[in-house]
Amino acid sequence: QVQLVESGGGLVQPGGSLRLSCAASGSILDFYLFEWSRQAPGKQRDVVATITKFGTTHYASAVKGRFTISKDNANVTVYLQMNSLKPEDTAIYYCNFRQDYKSYWGQGTQVTVSS
């Protein structure tokens, strides 16, 4: 079993920045990946960024160049640095940890971009 604790998020003006973090604990295996997904009201949940244990990253086109996913292997923690935020980035952001064909979700954290 794996537990995830998310932190960060909040209210920011357009053009501002926020950093989310997600720490995993429990039965961590040798191979895993982290994802950040987001869900806006009335919309489906979409993956915005992915990073493997070995550092391979992937970004959704909507956030490429503005968001950066990174990790700390020693603490099994993933970060999402969000810059140049736009109102359309407003959503609940979820951390997802995947290993051994299983998926674990964080509790979600609200990000609101508004003036």
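The values are calculated or read from the model by the stated rules, or taken from the named source; none is laboratory data. What you see is a predicted model, and the numbers here were worked out from it, not measured in a lab. With ideal geometry, Cβ positions are generated from the backbone for all residues, glycine too; neighbour counts draw on all protein chains shown. When the accessible area is computed, the model is the full protein with side chains, heavy atoms only, and any ligands, DNA or RNA have been set aside. Shrake-Rupley method; radii C 1.70, N 1.55, O 1.52, S 1.80 Å.
Selection within the range 84-115: residues that are among the acidic types (Asp, Glu) and surrounded by fewer than 19 Cβ atoms within 10 Å (Cβ to Cβ). The member of this set that is modelled with the highest pLDDT is Glu88. State yes or no: is Thr57 at negative phi and touching a residue at least 40 places away in the same chain (Cβ under 8 Å)? Here the answer is no, as Thr57 does not meet what is asked. Looking across the range 1-19, the residues that are open to solvent by 70 Å² or more (accessible area, probe 1.4 Å) and either at pLDDT below 95 or not aliphatic (A, V, I, L, M) (or both) come down to Gln1, Gln3, Val5, Gln13, Arg19. Annotation: of all residues in the range 54-82 being over 25 Å from Ser27 (Cβ atoms) and β-branched (Val, Ile, Thr), the one that is surrounded by the most Cβ atoms within 10 Å (Cβ to Cβ) is Val63. Among residues of the range 20-53 being open to solvent by 60 Å² or more (accessible area, probe 1.4 Å) and basic (Lys, Arg), the one that is farthest from the chain's Cα centre (by Cα) is Lys43. Exactly one residue among Arg19, Arg38, Arg45 is touching a Gly at 6+ places or on another chain (Cβ under 8 Å) and closer than 19 Å to Val111 by Cα, and that residue is Arg19.
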